[in-house]
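One structure below.
The values are calculated or read from the model by the stated rules, or taken from the named source; none is laboratory data. Predicted, not measured: the structure shown is a model, and the values here were computed from it. Please note: Cβ atoms are built from the backbone with ideal geometry, for glycine as well, and neighbour counts cover all protein chains shown.
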Amino acid sequence: MVDRFIREFGSLEKDDFRVLRGVEEGMKTRDWVPVRDVSVFSGLPVDEVEFRLGRVGGLGLVERRGMDRVRFRLSYNGYDVLALNVFVSRGVVDSLGGELGVGKEAEVYSALIDGEEVVLKFHREGKVSFRDIRRSRDYLGDREHYSKLYIAKLAAQREYKYLDRLFGEVRVPEPISWNRHLIAMEKLEGRELSRVKLDNDPQFILEIIYEEIEKAYDLGVVHGDLSEFNIHIAEDDLRIIDWPQAVQTTHPEADNYLKRDIKNITKYFEKKYQIKKDPEEIYKSITNQK
């Protein structure tokens, strides 16, 4: 990915970005965008658009369909380039580093800002089944048309919103900037809870996790997908990461999500460290129920 960005940014011109944004605009109402629509949205003549689409298509930034009625759509590569270009223009990113992790719903890379290392998280939620997304998340509301890129954008937007709300009160990474499906945030030391062995006082760590869940709840937020895989542990620090599925406590399923979060963590500590807690009692304590 890093080599690809270096190559593409070195060759892309202003009108290439205009055409990519034109395709993006057309995808708000359809999956594949005709050349004439790209011309309208980009403000460039049709022959120039065709030339530019050939250029960015050769770089894998757009996908093409059809012979007589040719249409285009952005690839993830193209969406990556648009988002990263905004970060570069904002001064959020000076240079790119290596891959830190790739999963079904995100790709994470390192970058530098004024010599300081940060994390770039590219959301990829649209790569999973649309039916699964409909069933498990309420990003889309009643919207009938949506693309995989739009789903990834909404996931990033939601995660950034909750990180921004919680940072300073709850142990979460510091959010730096957001555009489209991309979030820049603080780079954390340490590893996932699932990958460490707590030798000193695992019960102390469990209590901290419960406290952070309660702090978020008091601020009106439930993580919604908490497990040992999105709690980050360093020698003197703990952070809760991955908030795109978070909901407000007013959400109709918030209590169920909270109970599931508590159960997941409690079960993990019982299995690995033989620490027994009653999830229902923890739930009542967090929600101030007697």
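Which condition number does Q203 fail, the rest of (1) free of Cβ contacts under 8 Å to residues at least 60 places away in the same chain; (2) surrounded by fewer than 17 Cβ atoms within 10 Å (Cβ to Cβ); (3) assigned to a helix (DSSP H, G or I) being met?
Every condition holds for Q203 apart from (1).
In the list F41, F9, F51, which residue meets the criterion of being out of contact with any helix residue (DSSP H, G or I) (no Cβ under 6 Å at 6 or more places or on another chain), part of a helix (DSSP H, G or I), aromatic (F, W, Y) and at pLDDT 95 or above? Show your work before the answer.
Numbers: F41 fails: out of contact with any helix residue (DSSP H, G or I) (no Cβ under 6 Å at 6 or more places or on another chain); F9 fails: at pLDDT 95 or above.
Answer to the selection: F51.
State the number of residues belonging to the range 140-169 that are assigned to a loop (DSSP other than H, G, I, E, B) and either buried (at least 18 other Cβ atoms within 10 Å of the Cβ) or at pLDDT 90 or above (or both). Give the derivation first.
Going residue by residue through the range 140-169, those that are assigned to a loop (DSSP other than H, G, I, E, B) are 140-147, 168-169.
Remaining after also requiring either buried (at least 18 other Cβ atoms within 10 Å of the Cβ) or at pLDDT 90 or above (or both): 146-147, 168-169.
Number of matching residues: 4.
Taking the range 71-81 only, how many residues are surrounded by fewer than 21 Cβ atoms within 10 Å (Cβ to Cβ) and modelled with pLDDT under 95?
Counting residues in the range 71-81 that are surrounded by fewer than 21 Cβ atoms within 10 Å (Cβ to Cβ) and modelled with pLDDT under 95 gives 3.
Answer yes if at least one residue in the range 240-255 is within 18 Å of the chain's Cα centre (by Cα), part of a loop (DSSP other than H, G, I, E, B), modelled with pLDDT of 95 or more and hydroxyl-bearing (S, T, Y), and no otherwise.
No, the conditions are met nowhere in the range 240-255.
Please verify whether G66 is surrounded by fewer than 18 Cβ atoms within 10 Å (Cβ to Cβ) and under 21 Å from E125 (Cβ atoms), treating the condition exactly as stated.
Numbers: surrounded by fewer than 18 Cβ atoms within 10 Å (Cβ to Cβ): yes; under 21 Å from E125 (Cβ atoms): no.
No.
Filtering the range 15-38 down to residues that are modelled with pLDDT of 95 or more and among the basic types (K, R), which residue is farthest from K121 (Cα to Cα)?
R36
List the number of the failed condition for I176; all other conditions in (1) more than 24 Å from K277 (Cα to Cα); (2) part of a loop (DSSP other than H, G, I, E, B) hold.
I176 satisfies all of (1) more than 24 Å from K277 (Cα to Cα); (2) part of a loop (DSSP other than H, G, I, E, B) except (2).
From the list I233, I265, I208, pick out the single residue that is surrounded by 16 or more Cβ atoms within 10 Å (Cβ to Cβ) and not in a strand (DSSP E or B).
On the way: I233 fails: not in a strand (DSSP E or B); I208 fails: surrounded by 16 or more Cβ atoms within 10 Å (Cβ to Cβ).
Being surrounded by 16 or more Cβ atoms within 10 Å (Cβ to Cβ) and not in a strand (DSSP E or B) holds for just one of I233, I265, I208, which is I265.
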